[in-house]
1. Compute the distance from the alpha-carbon center of the range 139-185 to that of the range 570-631, in whole Å.
2. Give, as a single signed number, the net charge of other residues whose beta carbon lies under 12 Å from the beta carbon of Ser176, with Lys and Arg counted +1 and Asp and Glu -1.
3. Give the cross-link partners of Lys594 among the lysines, using a straight C-alpha distance below 27 Å as the criterion and excluding same-chain residues fewer than 8 apart.
4. When only Cα pairs under 8 Å and 6 or more residues apart are kept, what is the percent relative contact order across the range 341-401?
5. How large is the dipole of the range 533-612 about the Cα centre if only Lys and Arg carry +1 and Asp and Glu carry -1, each at its Cβ, rounded to the nearest 20 debye?
6. I'd like to check one number: the per residue accessible area of the range 469-543, probe 1.4 Å, reported in Å² as a whole number.
7. Give the carbon-plus-sulfur fraction of the accessible surface of the range 262-304 in %, rounded to a whole number; probe 1.4 Å, heavy atoms of protein chains only.
8. Run through the range 263-327 and list the GluC sites (Glu not before Pro) located in a DSSP loop whose Cβ has at most 11 other Cβ atoms within 10 Å.
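The values are calculated or read from the model by the stated rules, or taken from the named source; none is laboratory data. Note that the structure is predicted; figures quoted are calculated from it, not measured. Every residue, glycine as well, gets a Cβ built from its backbone with ideal geometry; the counts of neighbours run over all protein chains shown. Accessible surface is based on the protein model in full, side chains and every heavy atom, while ligands, DNA and RNA are left aside. Shrake-Rupley method; radii C 1.70, N 1.55, O 1.52, S 1.80 Å.
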Amino acid sequence: MKKLKNMIKIFLALVIAFSQLSNATLVLAAEVTDNEISVGETEPSNEGEFTENETFDEEDDDDKETLEGETEPGTGDTTGEEENLEENNDDEENSVDNTEDDNTTGSEVPSDNGENPEENPEVNTGEVEEPSEGETPEEKTEFTLEDLEVLMNAYINEEEVPQELIDLLIAKGAPSIENGEFTELTLEDIMFVSELLKEIPDTDTEREENEYLKLELGEVPEEVNAGDTFNVEVIVSNEVLEELTDEEGNPIISEDFIDGIEGLVTTSENLKAVNVEFNEFNGVNNEEGKFVAAGSEYGEDKGVLLTITFEALEEGEGEVTISGKIAKYLTINDFEDLTFTITINPKEEVSIGLETLTSNVGEFDKEFDSEVTEYTLTIPEGTTELTLSGSLINDDDEVTGLSQYTIDSDNMTITVVVTDSEGNEKTYTINVVRIANESEVEEATEEVEKVIETPVVNPIVYYVYSSNNYLKTLNIKDFEIDFSKSTLEYKLKVKSDVKFLDITAVAEDYRSRVEINGNEEFKEGENVVTIKVTAENGDVREYKLLVEKEAKEVSEEEETSSKTEKIVIIILIILVVLGLLYLIFKKDDEESNKISNVKNNNDNKNNKNNYNNYNNKNKNDDKNHKKYKER
């Protein structure tokens with residue numbers, strides 16, 4: 001019974017071991033097959049010949065699809081196509097089947113490399129452009145937002161439309177296409193392309209004209225100064241509905257909307273429209289004041305449609321007129337002109353100078369006033385250095401003289417000069433007097449005019465604390481990025497063996513501090529490298545590099561090695577199992593032998609005892625027999 005149990009254990013262990021070995025072998029075979037297939041797909045095939053991964057089944061499927069398409073009603077005779085296909089297979093040449101029926105021009109025709117070029121049944125030219133040997137033609141089949149922008153710019157600037165977009169307009173059947181020809185780009189074409197770009201385009205349904213919707217201007221400032229810029233909003237409104245009700249007295253709900261606009265901003269000579277910003281539309285504008293935009297449906301609930309930025313050039317009365325058209329898909333109407341006037345005052349004189357002035361040592365003779373340009377600064381005897389610092393009224397101005405100075409005489413003069421963008425200057429004079437005690441202050445002040453006017457200046461660092469925390473340059477070795485100091489985030493993809501980037505980041509202001517964090521030991525997936533720029537005044541700006549690290553690709557040698565290791569491990573497991581089974585059997589045999597020996601010993605003892613009993617009995621019998629005879 002025990003041997004039977006052991007045999008069952010052995011059988012189950014072997015079944016488990018061999019099943020694992022079989023699974024590993026199947027996985028290895030499958031992976032090798034996949035590798036062979038992928039390698040076969042990447043190898044180029046000779047012209048007119050089957051590659052390793054081509055099958056006659058696939059060819060039959062292609063022929064079946066072609067024949068099915070040719071037997072549909074109205075497709076014309078297919079005999080010529082079948083003959084041409086046979087010639088392609090026999091002669092290994094390209095041919096295009098030109099049948100008398102136009103409906104067969106969309107059939108698939110083998111190309112030089114045995115593959116079928118992309119179909120474009122919407123193109124009505126009937127001609128097939130033959131690609132150069134080894135190249136596959138890429139035909140544009142759908143519009144993009146970039147294409148829409150190109151068309152808009154061409155429309156308002158009266159420029160030529162790129163030929164590939166003309167072909168696509170013809171293929172899609174744009175409104176301006178007549179008899180398969182393109183003549184002139186229209187607003188209808190812009191709206192047609194915009195509709196195609198929507199999530200659920202509807203180019204067939206006509207839209208009813210708007211009944212209540214209108215455009216109006218937002219708040220307009222009454223007056224500005226020459227040189228100022230200001231914004232004016234154009235708003236979609238349905239205010240008339242607020243006073244209207246239906247027969248039952250309920251408010252009327254309007255279905256009016258617009259999804260496109262074309263306009264022209266006309267201004268007087270002392271005004272200029274410098275930009276048009278569209279809220280939810282895709283649009284463009286030019287320097288002549290023209291603009292065009294299109295996008296999602298825009299009803300009264302959306303509010304601001306667009307914002308126009310104006311610049312006041314000269315004083316006087318400025319006049320503005322905004323005219324144009326609004327579109328509800330292809331339903332296009334003129335909107336009522338939007339006009340306003342604004343008063344432009346003379347350019348406001350901007351103060352130039354210092355807002356504050358301080359010294360790290362000594363006292364000024366009076367409280368600082370930006371309009372007062374001369375001061376006396378008394379410092380204690382023994383002072384050898386002082387630092388003048390301060391701030392500007394206008395941050396765009398430049399200043400010289402706010403520095404650290406070496407004092408090597410009892411009287412000296414320091415000048416601080418502020419210069420604005422137009423070259424205007426304001427000079428502050430600081431007479432520095434070094435005195436032994438306070439009793440000499442008045443005396444020194446009276447003699448201030450005798451102070452030496454040639455300063456001994458050794459500028460070390462400016463103390464108008466800079467707030468500039470921009471980067472001037474950002475370079476990454478082996479990578480090209482379109483760097484702009486105002487763009488704070490950049491995306492990069494690196495290979496699996498890249499652990500860090502070689503980054504060179506230079507601050508725009510030499511007084512700023514640059515720190516780079518996270519640029520070490522990249523992990524697979526997204527890594528964030530932060531470039532922190534700290535201005536002299538403590539303001540911080542962070543630039544981020546989002547680094548996507550590719551997963552490590554396992555080479556064929558590594559894969560083979562890994563598979564070999566798996567097989568070796570499985571074999572070792574089997575050997576261990578067999579070893580354990582051997583030890584179990586050996587132990588069982590030893591125990592069985594011991595039991596058998598004990599049993600044999602017991603049997604021998606019993607036999608010996610029986611023999612002795614028999615002999616004793618015989619002896620007794622003999623004694624009894626002798627006694628009987630004697631009697």
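1. 109
2. Around Ser176, the charge tally is -4.
3. Leaving aside lysines fewer than 8 places away in the same chain, those within reach of Lys594 are Lys2, Lys3, Lys5, Lys9, Lys586, Lys605, Lys608.
4. Values: 62 pairs, mean separation 25.5, N = 61.
Once divided by the residue count of the range 341-401, the mean separation gives 42 percent.
5. 1180
6. 64
7. On the way: 810 of 2140 Å².
After summing per-atom areas, the C and S share lands at 38 percent.
8. Values: sites: Glu269, Glu277, Glu280, Glu287, Glu288, Glu297, Glu300, Glu311, Glu314, Glu315, Glu317, Glu319; in loops: Glu269, Glu280, Glu287, Glu288, Glu314, Glu315.
Those that pass, being in a loop and sparsely packed, are Glu269, Glu287.
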